[in-house]
Amino acid sequence: MSKVRVYELARELDLESKILVDFLVELGADVRNHMSTIDEDIADLVREHYSPDEESVIPVKVLPDEEVPRQRKVKRRVVEEEVEKSYPKKNKKDRRHRPQSGRNHSVQQQAQAEKTVITIPDPITVKDLAQKLSVSGPDLIKRLMKIGVMASLTQTIAYDVAELVCAEFNVEVKPEQDLAEQVFAEVVDSPETLVPRPPVVTIMGHVDHGKTTLLDSIRKTKVVATEAGGITQHIGAYQVTYKGKDITFLDTPGHEAFTAMRSRGAKVTDIAVLVVAANDGVMPQTVEAINHAKAAGVPIIVAINKMDLASANPDRVKQELAEHGLIVEEWGGSTITVPVSALRGEGIDELLEMILLVAEMEELKANPNRAARGTVIEAKLDKGRGPVATVLISSGTLKIGDPFVVGNVSGRVRALISDTGDNLKEAGPSTPVEVLGISDVPAAGDQLVVVDSEHVAREVASIRQAKLRDTKLSKTSRVSLEDLYERIKEGEVKELNLIIKGDVQGSVEAVRASLEKLSTDEVRVRVIHQAVGAISESDVHLAATSDAVIIGFNVRPEPNARKEAEREGVDIRLYRVIYDLLDDVKAAMSGLLEPEYKEVVLGRAEVRQTFRVPNIGTVAGCYVQDGKITRTAEVRVLRDNVVVYEGKIGSLRRFKDDVREVMHGYECGIGLEKFNDIKEGDVIEAFYMEKIERSL
């Protein structure tokens with residue numbers, strides 16, 4: 001490749017050599033002065049940058065059946081005159097060989113208006129990017145040089161750099177996803193393809209408040225007539241039909257439905273039915289269920305059960321619900337309450353009516369005519385049938401023979417079994433089915449996605465298994481009091497979520513009130529759940545999904561809860577003295593407050609004479625008037641009490657010796673970094689900034 005002298009190129013472009021050298025340095029070219037040489041392609045880039053706008057890069061002469069000669073810059077008018085000489089207007093046949101510059105220009109404008117979209121990995125080599133853009137490698141290198149990036153064809157560039165250079169070619173880029181990300185990416189269906197689907201309902205509440213009896217009552221009275229005889233529930237979910245409309249009930253533990261599944265990003269429940277006994281009122285597990293349902297963001301319907309008892313007091317239940325943020329409709333709130341008697345089957349119709357009403361207001365819809373997607377409700381290893389998973393279909397239709405990926409395993413549907421034990425050929429949205437044909441047992445909450453082939457399913461499963469291994473190797477713990485400051489400082493956490501468990505209700509209330517008083521503008525203490533009793537697995541699940549710290553006051557975690565906390569990385573803090581608890585949380589939150597800085601003046605020195613030292617600059621001969629001058633201190637130069645410089649000391653000497661500090665009453669020589677305009681009579685003031693930690 002030919003070389004060009006910088007001064008020759010400057011003369012050609014009528015530029016000063018210094019300006020051209022500075023421009024080439026900005027481009028990243030290896031030039032030192034006007035005698036340096038540069039490659040011809042860099043010279044072309046400079047010519048293009050400093051050329052007038054009306055000049056164009058077009059061929060000087062185009063021969064009909066020969067190769068286009070090398071392009072150079074000339075005036076369009078000159079080229080058009082030369083073209084007219086070469087191609088006189090003879091006939092239409094000859095005219096077709098003439099270059100139609102105007103038409104080509106319009107075609108180029110149209111091509112520029114139509115922005116194309118390409119996907120690229122991060123990072124990408126220059127050669128691969130040139131192939132995706134359908135441009136030559138040198139052209140792409142020139143564009144990269146234009147934005148200040150020097151890279152060869154084999155070197156890689158970051159995604160943001162590639163995005164910037166692609167904009168020069170009027171091309172939009174998107175990050176390339178791997179196969180697993182593409183398969184599990186969220187798909188948004190067009191509104192016209194959506195049809196109403198049955199609501200998915202989870203029944204929650206305190207022990208002995210009648211959840212199981214209510215479920216049995218609903219099943220006995222409202223199951224489809226063809227399925228009424230000899231029903232045996234095989235799976236943890238089932239469907240009932242009321243007034244021609246299906247309703248899906250989850251029979252899994254309510255807390256598991258809202259925590260273990262939500263921790264994996266799965267929201268399967270549409271409506272939560274909270275069962276409260278009319279004679280007992282709101283109990284600790286009822287409060288826990290309310291907090292789980294609120295965290296999931298689903299509407300709550302309250303079924304006030306045991307209305308047949310003489311001690312039933314529904315008004316008391318409504319009052320206690322209001323204390324926990326559930327204001328009933330008759331009191332001006334939005335929470336629907338239905339009085340029922342599960343034992344006698346009273347109020348069941350009204351409850352189902354309200355469920356359908358809420359479902360209609362929520363406008364629950366799905367597209368049944370697409371590849372199926374679903375969520376694993378529960379899974380097990382059956383001795384006779386192998387791995388079996390109960391799947392709730394969320395969209396699409398699952399059919400026998402469909403290849404699929406579920407979590408980190410793959411499979412092909414061998415059989416679909418309904419909640420009544422019948423074999424199905426397909427299952428649509430909101431339908432719970434047992435799926436056979438999985439290679440291994442998935443986890444509750446894993447997503448099931450139907451793919452094109454078994455080969456794709458196995459490949460996606462292997463990719464996700466590799467990612468899981470990498471995640472386990474680099475797994476970071478959840479929020480703890482030790483790392484709270486760093487997490488907030490990085491913007492990962494905006495508030496401190498706490499779960500409080502205590503031995504008595506009075507202690508729990510006192511701890512909560514004291515902790516909430518610690519909230520500041522920088523971080524807010526938010527108690528997402530409080531209850532009396534030992535720390536349970538449900539508490540750990542809620543903390544895992546909410547990134548919360550569990551505070552135990554005079555209670556201990558259950559053995560299973562401790563193991564689960566270690567597995568999930570949940571921080572559990574146990575206290576017996578409330579002051580220790582408050583001190584720990586306060587200390588963690590104090591680190592969140594930005595420290596204050598106070599200026600401390602060390603000393604002042606008067607400049608009495610200045611010396612010019614070759615290769616060093618100006619050195620001030622000073623007399624320390626008060627305090628001391630240290631080598632590491634920051635200094636400011638005062639001239640008539642006006643600050644003319646603020647920076648650091650470059651050198652501090654006594655006679656010919658470098659010293660660390662000079663005390664009051666002694667003379668010294670001071671050299672300042674990047675400042676030589678020191679004059680006699682100036683005052684050099686030494687100081688440092690003292691960091692003062694803030695406390696709550």
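The values are calculated or read from the model by the stated rules, or taken from the named source; none is laboratory data. Computed from a predicted model, the values in this text were never measured in an experiment. As a convention, Cβ positions derive from the backbone with ideal geometry for all residues, glycine included, and neighbour counts pool all protein chains shown. SASA here: full protein model, heavy atoms, side chains in, ligands and nucleic acids out. Shrake-Rupley method; radii C 1.70, N 1.55, O 1.52, S 1.80 Å.
Data overview
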| read-out | value |
| --- | --- |
| Under Karplus coefficients 6.51, -1.76 and 1.60, residue-wise ³J(HN,Hα) of region 9-19 in Hz, glycine/proline x | 5, 5, 5, 5, 8, 6, 10, 6, 4, 5, 4 |
| Local electrostatic count, Gln530, Cβ distance below 13 Å [Lys/Arg +1, Asp/Glu -1] | -3 |
| Gain in span if fully extended, Val613 to Lys425, counting 0.36 nm per residue against the direct Cα distance | 58.3 nm |
| Residues whose placed amide H lies under 5 Å from that of Glu378, excluding near-sequence neighbours | Thr390 |
| Calculated FRET efficiency for the pair Glu172/Asp30, C-beta based, R₀ 30 Å, to 0.05 | 0.35 |
| Of Lys501/Lys563; Lys598/Lys679; Lys243/Lys380; Lys365/Lys467; Lys174/Lys399, pairs whose Cα-Cα distance is over 24 Å | Lys598/Lys679; Lys243/Lys380; Lys365/Lys467; Lys174/Lys399 |
| Net charge contributed by nearby residues that have their C-beta within less than 15 Å of Gln319 (K/R +1, D/E -1) | -4 |
| Net charge over other residues, Cβ less than 13 angstrom from the Cβ of Ile500 (K, R count +1; D, E count -1) | -1 |
| Pair Asp315, Thr520: separation of 7 Å Cα→Cβ label points (nm) | 4.8 nm |
| Per residue accessible area of region 295-392, 1.4 Å probe, in Å² | 49 Å² |
| Over region 498-652 - Rg/Rh using Cα atoms and the Kirkwood inverse-distance radius | 1.40 |
| Under 5 Å, built H, 5+ apart or other chain: amide partners of Glu634 | Phe687 |
| Accessible area per residue, Å², region 501-541 with all protein chains present, probe 1.4 Å | 43 Å² |
| Integer Hz, Karplus 6.51/-1.76/1.60 couplings in order for region 561-577, x for Gly and Pro | 5, 5, 5, 5, 5, 5, 5, 8, x, 8, 7, 10, 10, 10, 9, 10, 10 |
| Selection from Gly617, Ser651, Ile578 lying farthest towards where the dipole of region 575-670 points positive, charges on Cβ | Gly617 |
